[in-house]
1. Residues of the stretch 136-187 being under 29 Å from Pro360 (Cα atoms) and open to solvent by 30 Å² or more (accessible area, probe 1.4 Å), which ones?
2. So, Ala223, is that one open to solvent by 20 Å² or more (accessible area, probe 1.4 Å), in contact (Cβ under 8 Å) with a residue 60 or more places away in the chain, among the small types (Gly, Ala, Ser) and closer than 23 Å to Val324 by Cα or not?
3. Go through Leu336, Leu291, Leu299 for me and flag whichever is exposed (fewer than 15 other Cβ atoms within 10 Å of the Cβ), modelled with pLDDT of 95 or more and either touching a strand residue (DSSP E or B) at 6+ places or on another chain (Cβ under 6 Å) or not aliphatic (A, V, I, L, M) (or both).
4. Taking the criterion of being touching a helix residue (DSSP H, G or I) at 6+ places or on another chain (Cβ under 6 Å), part of a loop (DSSP other than H, G, I, E, B) and not hydroxyl-bearing (Ser, Thr, Tyr), would at least one residue in the stretch 293-315 satisfy it?
5. What number of residues within the stretch 77-112 satisfy the criterion of being over 19 Å from Ile152 (Cα atoms), open to solvent by 40 Å² or more (accessible area, probe 1.4 Å) and outside any helix (DSSP H, G or I)?
6. Applying the selection to the stretch 370-380, what residues are surrounded by 15 or more Cβ atoms within 10 Å (Cβ to Cβ) and not hydroxyl-bearing (Ser, Thr, Tyr)?
7. Which residues, taken from the stretch 421-441, are surrounded by fewer than 24 Cβ atoms within 10 Å (Cβ to Cβ), in contact with a Ser or Thr (Cβ under 6 Å, 6 or more places away or on another chain) and in a strand (DSSP E or B)?
8. When you look at Gln148, is it touching a residue at least 24 places away in the same chain (Cβ under 8 Å), touching a Pro at 6+ places or on another chain (Cβ under 9 Å) and over 24 Å from Asp186 (Cβ atoms), yes or no?
Amino acid sequence: MGKGTAQAVRRAGAVRRWWKLLVGCWGALWFMTVSAVWGAERVYIDITQPGFVKLPIAVPDFKMHGDDAGLARQMAAVIRDDLDLSGYFKVLDPAGFLESPQQMGVLPSEIRFDSWKAVGAEFLVRGQYEARGGGLNAEFRLFDVVSQKMLIGKAYEARVADARAVAHRIANEIIAALTGEAGIFDTRIAFVQAEGDAKEIYVMDLDGQNLTAITRDRSTALAPAWSPDGTQLAYVSYVEGQPKIFIANVFSGARRAVAGYPGINITPAWHPAGGRLAVTLSKDGNPDIFLMDAQGSVLKTLVSGWAIEVSPSWSPDGSKIAYVSNESGTPQIYVLDLAGGNKRRLTYEGKYNTSPAWSPKGDWIAFSSMTGGRHNIFIVRPDGSGLRALTHGEGDNESPTWSPDGRLVAFSSTREGASAIWAAVVNGEGIRRLTRLGGAQSQPSWSPRANR
């Protein structure tokens with residue numbers, strides 16, 4: 001990795017502590033509401049509606065008080081970046097703003113709405129902060145420029161070191177206020193980092209910051225999968241020779257092998273309720289899918305037969321799994337109803353369909369399909385209807401994973417050369433690169449939301 005990556009890895013311990021605060025109750029990010037959410041029952045944005053048009057939003061630099069001028073631009077930039085990633089907003093270029101962010105007001109009575117209408121903004125995010133020593137007091141207000149009303153305002157007390165986390169939290173609040181659903185900017189993505197002969201598991205924020213090494217074995221680690229509470233990662237490692245399934249604690253780094261049966265032990269997938277995993281084992285000769293507890297004991301067989309069955313993905317309620325089987329001659333996606341034991345083939349187009357990923361809301365299954373000599377990302381309804389491509393032959397696109405709100409799909413893509421992690425809105429728009437590291441990144445896994 002490059003110098004920047006190496007420095008980020010050395011900060012792994014601090015990153016784990018930061019993420020532990022998020023998974024708990026935001027620790028140092030104590031916050032209080034300074035005004036109630038106005039119009040809480042109103043949902044402005046519904047990206048699923050025909051003719052959806054991105055809403056123009058202005059996020060000027062924060063107004064600065066104190067001894068850390070760099071935060072004024074940094075916090076606003078993080079919020080702009082998050083809102084742009086969401087796919088809901090047209091984030092306006094600050095170069096076109098008519099007012100100086102350090103001179104304009106922050107209170108509703110001080111906002112000159114006409115100047116924001118003039119630059120095309122329909123919403124305005126106005127923030128200010130005070131940084132003294134290592135402490136940070138920040139606040140923001142979200143305004144509806146058209147109606148000239150404040151929609152929400154909140155204040156935060158934190159450490160200066162947590163300024164980016166505060167900005168992510170603000171972006172979450174904006175999304176919640178305008179869509180009626182919580183944001184996802186406190187989540188993280190695990191992925192496989194390949195450089196030289198080694199493949200290791202890393203975790204990062206959605207903006208590529210706070211890079212953390214989960215494995216440093218100089219071996220091959222693959223297929224990271226988050227536990228439902230966001231505290232553990234299951235993955236496959238060849239560090240002991242044969243492929244075994246390990247579970248690592250994201251905070252402490254402690255890990256243990258949980259499946260080392262004869263043959264292969266691959267493709268772990270946590271049950272939505274936690275404590276159990278669907279895995280592919282060939283301990284009986286053929287690669288089949290089994291249910292295993294977190295200590296590695298096999299509880300039951302889920303899918304078996306003469307064919308190869310791999311890559312299980314649970315429905316959100318745990319009643320079904322999607323998986324890959326070659327029983328028809330080529331890899332295809334199947335869905336199994338666990339209660340009745342009924343299975344059905346889901347994909348018929350394409351001769352190589354793999355990596356199913358069930359959406360958090362249960363309404364879509366994403367997968368990778370080879371079309372025209374390239375791997376592309378598709379989504380389909382669990383009943384087989386509504387097949388739609390998210391990518392269209394720009395390199396190879398594989399291993400889809402859903403954001404916890406079901407709005408975005410991350411995947412690996414070679415569209416700009418070496419494999420990197422990208423994300424797209426579920427409507428196929430706003431495709432954006434998330435990793436810019438040396439080597440290659442693949443097999444992303446999106447974390448659940450941090451518990452509040």
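The values are calculated or read from the model by the stated rules, or taken from the named source; none is laboratory data. A quick note: this is a predicted structure, and the numbers were derived from the prediction, not measured. Cβ coordinates were reconstructed from backbone atoms using ideal geometry, including for glycine residues, and neighbour counts include every protein chain displayed. When the accessible area is computed, the model is the full protein with side chains, heavy atoms only, and any ligands, DNA or RNA have been set aside. Shrake-Rupley method; radii C 1.70, N 1.55, O 1.52, S 1.80 Å.
1. Of everything in the stretch 136-187, those that are under 29 Å from Pro360 (Cα atoms) and open to solvent by 30 Å² or more (accessible area, probe 1.4 Å) turn out to be Arg164, Ala176, Gly180, Glu181, Ala182.
2. Yes.
3. Working: Leu336 fails: exposed (fewer than 15 other Cβ atoms within 10 Å of the Cβ); Leu291 fails: exposed (fewer than 15 other Cβ atoms within 10 Å of the Cβ).
Only one candidate qualifies: Leu299.
4. No, the stretch 293-315 contains no residue that is touching a helix residue (DSSP H, G or I) at 6+ places or on another chain (Cβ under 6 Å), part of a loop (DSSP other than H, G, I, E, B) and not hydroxyl-bearing (Ser, Thr, Tyr).
5. The qualifying residues number 6.
6. Passing the criteria: Met370, Arg374, His375, Asn376, Ile377, Phe378, Ile379, Val380.
7. Ala440
8. Numbers: touching a residue at least 24 places away in the same chain (Cβ under 8 Å): yes; touching a Pro at 6+ places or on another chain (Cβ under 9 Å): yes; over 24 Å from Asp186 (Cβ atoms): yes.
In short, yes.
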